[in-house]
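Colleague: Questions regarding the structure given below will be posed in turn.
Values in this text are rule-based calculations from the coordinates and carry no lab data. Since this is a predicted model, take the numbers as computed values, not measurements. All Cβ positions, even for glycine, are placed from backbone atoms using ideal geometry, and neighbour counts span all protein chains on display.
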Amino acid sequence: AFERRKPPPPPMSMVPPASKPPASPPVPPPFAPPPPPPSASDCKERGNTLYKARQYEQSLSWYSQAVEGATDDKEKAVYLCNRSAALVMLSRASDAADDASRASKLDPTSPKAYARLGKCLLQLGKLSEARLALIRASELAADTPGVASDLQSIKLAEALAEEAAAHTTACEYAKAVPLYALLLSRYCAHSDEFKFRELDAIVHLGRYDEVLSQATAMLRRSMDSPNALYLRGRCMFHNGQIDAALKHTAEALRLDPDHAPAKGLRHEIKAIVSQKDAGNDAFKRGDLAEAVRCYTAALALAGERDIIRATLHVNRAT
């Protein structure tokens, strides 16, 4: 009898691998609390570093955090002065003056706060208020940096403003314009009032498109500027856009019912329109003599406004 033999074992490649035990879940790292926020003093130092590097927008953010984290009024006043300086460099003089004013109220003994306020008010063209703030700074500390030079700048700015106003009163607009330009470039870069006076003088020189462009830019910065609305309306009137000019003067007077230039312009426009409409009515009635009289009166009121005069001349000739 033959002996049964066991079948040979399968090759190793055919042997299924041994099953691995399931992997254990990863062990989470130990809990680490978030780092504490920087202190107000640290925020101020970071702002100072960025300010010195002329990164004013970034420094403004750190100074704002310092203001929020201040623990007492005097500390907050210091940080507001720092933020005010950054705002000046970003051409935001009005906001800078607000911060400096807050600082002076929080710490009435701070010469730096009053000095900063005076500098901001000088740039805004508020010369009398600037002088009072700077005098207060010098009373608190006679050697406060920048006070003496800023007081001298106020004297020079007042002299320029007075001379420019005298030329304007004498209708010497070509002499007034460069004086206002110098005043704005050297001392009062962010003064809406002096900018308005300069542009109003330029209108009298017949540079309407230039003024219209700058007045439009003023409105983009502040939609509620009666001065800008008046200037746009005046230029539109000179360009023969009478209806648009009346709308602008009406909006200026809505914002400031006592705006004297807008009142004067509205009266001037309505007087011309009244005579022109009377001439049109007389022409329709066939009263040609009365029509000519009304158109002639409207021409006298129109002055040197060439586009309006051209329309009235055509009406009168017809």
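Colleague: Please give the calculated 222 nm ellipticity per residue for the chain, where each DSSP H segment of at least 4 residues contributes -39500 (n - 2.57) and the sum is spread over every residue; nearest 500 deg cm²/dmol?
Modeller: -23500 deg cm²/dmol
Colleague: Can you compute the modelled spin-label distance between Asn280 and Lys74, with each label point 7 Å from Cα toward Cβ, in nm?
Modeller: 7.2
Colleague: Please sort by residue number the trypsin sites (Lys or Arg not before Pro) in the range 39-109 whose DSSP state is loop and whose Cβ has at most 11 other Cβ atoms within 10 Å.
Modeller: Passing both the DSSP loop test and the Cβ count: Arg54.
Colleague: Now, a different point. How would the range 93-231 be classified by its alpha-carbon gyration tensor: rounded, prolate or oblate, with rounded meaning a/c under 1.5 and the a/b versus b/c comparison settling the rest?
Modeller: Since a/c reaches 1.5 but b/c is at least a/b, the shape of the range 93-231 is classed as oblate.
Colleague: Mind ordering 84-90, 138-144, 262-268 by average Cβ neighbours within 10 Å, highest first?
Modeller: Descending mean neighbour count gives 84-90, 262-268, 138-144.
Colleague: For the charge dipole of the chain, defined by +1 on Lys and Arg C-beta atoms and -1 on Asp and Glu C-beta atoms about the Cα centroid, which residue among Thr109, Ser138, Leu301 has the Cα displaced farthest towards the positive pole?
Modeller: The one lying farthest along the dipole's positive direction is Thr109.
Colleague: Want the number for Asp287 to Ser149: 0.36 nm per residue separation, take away the alpha-carbon distance, what's left?
Modeller: My answer for the length gained is 42.7 nm.
Colleague: OK, next. Counting only C-alpha contacts under 8 Å and six or more residues apart, can you give the relative contact order of the range 236-300 as a whole percent?
Modeller: The value is 23 percent.
Colleague: Which residues in the range 70-101 place their backbone N less than 18 Å from a point set 7 Å from the Cα of Ala141 along the Cα-to-Cβ direction?
Modeller: Inside the label zone: 73-86, 100-101.
Colleague: Now for a separate question. Sort the chain into rounded, prolate or oblate with this rule: let a ≥ b ≥ c be the square roots of the eigenvalues of the Cα gyration tensor; rounded if a/c is under 1.5, and if a/c is not under 1.5, prolate when a/b is larger than b/c, oblate otherwise.
Modeller: Oblate, because a/c is 1.5 or more while a/b does not exceed b/c.
Colleague: Could I ask something else about it? Contour minus end-to-end for Glu210 and Ser222, with contour as 0.36 nm per residue of separation and end-to-end as the Cα-Cα distance?
Modeller: This chain segment gains 2.5 nm when fully extended.
Colleague: If R₀ is 35 angstrom, what is the calculated FRET efficiency for the pair Ala250 and Asn48, using the beta carbon separation as r and rounding to 0.05?
Modeller: For Ala250 and Asn48, the calculated efficiency is 0.10.
Colleague: Shape call for the range 181-272 from the C-alpha gyration tensor, a ≥ b ≥ c root eigenvalues: rounded (a/c under 1.5), prolate (a/b greater than b/c) or oblate?
Modeller: prolate
Colleague: Moving on. Pick out, from Met218, Pro178, Leu127, the residue whose Cα sits farthest towards the positive end of the charge dipole of the chain, with +1 on the Cβ of Lys and Arg and -1 on the Cβ of Asp and Glu.
Modeller: My answer, from the dipole projection, is Met218.
Colleague: Still on this structure, please answer the following. Could you give the angle, 0 to 90 degrees to the nearest 10, between helix 288-302's Cα long axis and the longest principal axis of the Cα atoms of the chain?
Modeller: It works out to around 60 degrees.
Colleague: Let me ask something additional. Relative contact order for the range 158-231: what percent, with Cα pairs under 8 Å and sequence separation of 6 or more?
Modeller: 23 percent.
Colleague: Quick one: of Lys44/Lys112; Lys247/Lys284; Lys119/Lys175; Lys74/Lys105; Lys76/Lys105, which pairs are farther than 20 Å apart, Cα to Cα?
Modeller: Checking Cα-Cα distances, Lys247/Lys284; Lys119/Lys175 exceed 20 Å.
Colleague: What's the magnitude of the charge dipole for the chain around its Cα centre, counting Lys and Arg as +1 and Asp and Glu as -1 at the beta-carbon? Answer in Debye, nearest 20.
Modeller: I would put it at about 1360 debye.
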